[in-house]
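Peer 1: My structure is below; once you've seen it, I'll send some questions.
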Amino acid sequence: MTIKNKLRAGISFLFLLAIICCGLSIFYVNRLSDDEKNILKDNYQSVQYTKNICVAVDAIHDGLSTPQFKVIEENIAAEERDITEPGEAQLTDSLRSKFETLKRTESNAPNVAELHLAIRKLSFGIMQLNMTAIEHKYAAATNSAKSATIILAFVGSFLFLIAFSFVVNFPGYIANPIKELTERIKEVSNRNYHQQLNFKSNDEFGELGHAFNTMTRKLDEYEHSNLASILFEKKRIETIINSMHDAIIGLDEKSFIIFANEVACTLIGLPEQSLTGKYAPDVAVENDLLRNLLVNDQHKMKIFADNRESYYAKEVLPVTSKDKVIGKVIILNNITEFQQLNDAKTNFIATISHELKTPISSIKMSLKLLEDKRIGEMNTEQQQLLENIDEDAARLLQITGELLDMAQVETGKLELNFGSTHPINIVDYAVKALKTTAEQKHVTLNVECDEHLPDVHADLDKTTWVLINLLSNAIKYSHEKSVVDLVVKIYKADEIEFSVQDHGKGIDARYLPRIFERYFKVPGASMEQTGTGLGLAIAKDFIEAQAGKIGVESEVGEGSRFYFTLKRVGN
Ligand code: ADP
C-alpha cells in the first residue's frame, strides 16, 4: 500500500473510532431518555389519575357530588387509556364498575360509604401497581445507565489506546525513514558510498530505498573507476616528470612545493620528502639554489651538483586555470652540452679573429706602402684595385674586431674601464671617426650636445665604439645627401641619453624585437650594407654592462632612431 493510502486509511480509522464512540454515547443517552419518558408516560400519570380520583372521592364525602363525579369520570377515562402494567386493566375495570354503581346509588344510600372505600382501595391498588412499576423501571434504568457507563468507558479506553498507539507510532513511521535517509545522504556527501537503505516495505519508502541503493552503488563504481584512472594518470605524469633530464619543481599559488622530480632533488640536494608539501621560502632559507630559483630573474645558471659543474636555463611558467594563477612550474633546462659547444665556438672565433688581425694589419700596412709614390707610380686601374683591397681589408679588420669583442662578452671577459667623462668627448671621437664616411655619402651629421651637460660615468672606449657603430649604421642606411641627427640630452634626471636619428629606409616593426640579437640582419639588405649582424648585439652588451639601456624606434620609409642611456656622474 502506498504511503498516501496508508495515511488516508489511518486518518479514516481514527474518524471511524470517533464516530463509533459518539454513536454509542448517543445510543445510551437516548435509551435512558426513553426509559424516563416511559416511566412518566406509563406510570407517573396513572399515579396522578388515581390520586385525583381519591381526592375527588374524599370531596364527595364532603357533600359536593356532581363536579366530583365529573373529575372521577375524566380520570377513570384517562386511566383506561393508560393501561401499561399487568393486572392494571382488571383493577381499572373494577374501578369503572364501582364508579358506575356509585353514580346510580342515592347519595344517602347505606352502601355509598362502602362504594367510596372500594373506589379508594381500587385507586390505591392501581397507584400501588404503578409505583411498584416505577420502582422497577427506575432500578432497570439505573442498571442500564451503569452498564452504559461501563461499556462506554471500556470502548472509550479501547479507542484511546488505539488512537494513542496510532499517534505515537504513525509520525515515526513517516519520520524514521526520512531521518535515516538524511543520515545516509550526509555520509554520501562525505564521499562514503558504502551506504545501503533497508526499506523493505512496498510503498514509496521501499522505492526510495531501492533508488538510493542503486545510486550509491553507481557512485561507488564511478568513484573507484575514476580514482583508479586518476591514480594511474598521476603515476604516469610522475614517471614522465621523473624521467626528464630537466629539473622540474611545481609550486602552488601559496608557494608550497607540490612536486620536485629526481633531477631537481639532486640539484637542490634534498630528498623529495623534504621538499614536497613544504613552504618553498622556508626551505629556501637554508638552500642557496632554491633561494636563487625563487628570487633571481637570472635566465642562465651555473650549478655545481653531483661533483660537476652544469649549466641550466631557468624558465618559470605560471599555471593558470580560468584566468586565475593557481601556481607555477620552475624548469631548469640542462644546457651544459650547448654551453660547452658555445664555449668551443667562442674560443675558436676568438682565436681565429685574433690570428687574423695580425695578417690583416700587415696587409693594410703594405697597402699604405704601395700607395707611396716613391715606390713607383701606378696607373688608374691599379690605383682602383688598391682602393678596393684597402676597403675590403678595413671591413675584414672591423669584422675580426667585432668577433673578438663578442667573444670577450660571451666568455665573460669583458673588462670595463669606468671613468668620468663629458658626453662631448664621446661625441667628438665618434664624429671624427665617421667624418670621411659621411662626406663620401654626402650625409650631414647634425650634432646637438650642450657643453653644460653633466659628465657621464662610462667606459670611454666601449661607449665610443657603440656610438660609432650606431652612427656608422645610420650613415650606411641613409639616403645620399640626407641628414643624421646626433642628440645628447638629460633623460630622467639621473641619466644622459645619446640618440642617433637617420632618415633612411627604416626597419619593419616585425624585426624590431630581434634587432639586438647576435648575427641578426634585417632581410633584404644589400651585401655592401650588411656586416656580421653583431654590431648592435655587442653595443647592447657594452651599454647594459654599464647599467645603461639601449633601444630603437623606427618606421619604414621614415628612418630609425637608435638611443642609449648612461648614468650621469654624482648619482
Ligand atoms: P651589421 O654589421 O649587419 O650592420 P648590426 O648589428 O649593426 O649589424 O645591425 C643589425 C641589422 O640591423 C643590420 O643588418 C640592419 O639590417 C639593421 N640596421 C641597423 N641599423 C640600422 C639603421 N640605422 N637603419 C636601418 N637598418 C638598420
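The values are calculated or read from the model by the stated rules, or taken from the named source; none is laboratory data. No experiment lies behind these values; they were computed from the predicted model shown. With ideal geometry, Cβ positions are generated from the backbone for all residues, glycine too; neighbour counts draw on all protein chains shown. Only protein heavy atoms, including side chains, enter the accessible area calculation; ligands, DNA and RNA are left aside. Shrake-Rupley method; radii C 1.70, N 1.55, O 1.52, S 1.80 Å.
Peer 1: Residues in the range 554-568 that are open to solvent by 60 Å² or more (accessible area, probe 1.4 Å) and either part of a loop (DSSP other than H, G, I, E, B) or within 12 Å of the ligand (Cβ to nearest atom) (or both): how many?
Peer 2: Residues meeting the conditions: 3.
Peer 1: For the range 442-499, please list each of the strands (runs of 3 or more DSSP E) lying entirely inside it that holds at least 2 residues being more than 12 Å from the ligand (Cβ to nearest atom), β-branched (Val, Ile, Thr) and surrounded by fewer than 19 Cβ atoms within 10 Å (Cβ to Cβ).
Peer 2: It comes to 444-449, 483-491.
Peer 1: Quick check on my filter: what residues within the range 506-521 are near the ligand (Cβ under 8 Å from one of its atoms) and open to solvent by less than 40 Å² (accessible area, probe 1.4 Å)?
Peer 2: 506, 507, 515, 516, 520
Peer 1: OK, next. What are the residues in the range 84-108 that are in contact (Cβ under 8 Å) with a residue 24 or more places away in the chain and part of a loop (DSSP other than H, G, I, E, B), if any?
Peer 2: Passing the criteria: 84, 85, 87, 107.
Peer 1: Between residues in the range 484-508 that are at positive phi and residues that are of a type in the set (Val, Ile, Thr) and within 12 Å of the ligand (Cβ to nearest atom), which pairs lie under 8 Å by C-beta distance while being six or more apart or on different chains?
Peer 2: 506/556
Peer 1: Check 226, 333, 261 and return the single one that is under 30 Å from residue 411 (Cα atoms) and of a type outside the set (A, V, I, L, M, F, W, C).
Peer 2: It is 333.
Peer 1: Residue 397: within 16 Å of the ligand (Cβ to nearest atom), free of Cβ contacts under 8 Å to residues at least 60 places away in the same chain, surrounded by 11 or more Cβ atoms within 10 Å (Cβ to Cβ) and closer than 23 Å to residue 547 by Cα, yes or no?
Peer 2: Considered against the rule, which asks whether it is within 16 Å of the ligand (Cβ to nearest atom), free of Cβ contacts under 8 Å to residues at least 60 places away in the same chain, surrounded by 11 or more Cβ atoms within 10 Å (Cβ to Cβ) and closer than 23 Å to residue 547 by Cα, residue 397 comes out as no.
Peer 1: If you scan the range 528-552, which residues turn out to be assigned to a strand (DSSP E or B) and either within 11 Å of the ligand (Cβ to nearest atom) or in contact (Cβ under 8 Å) with a residue 24 or more places away in the chain (or both)?
Peer 2: Listed by number, the residues that qualify are 550, 552.
Peer 1: Could you figure out which of (1) at negative phi; (2) touching a strand residue (DSSP E or B) at 6+ places or on another chain (Cβ under 9 Å) isn't true of residue 559?
Peer 2: (1)
Peer 1: Something else now. Could you pull out the residue among 289, 270, 294 that is touching a Pro at 6+ places or on another chain (Cβ under 8 Å) and of a type in the set (A, V, I, L, M, F, W, C)?
Peer 2: Answer to the selection: 294.
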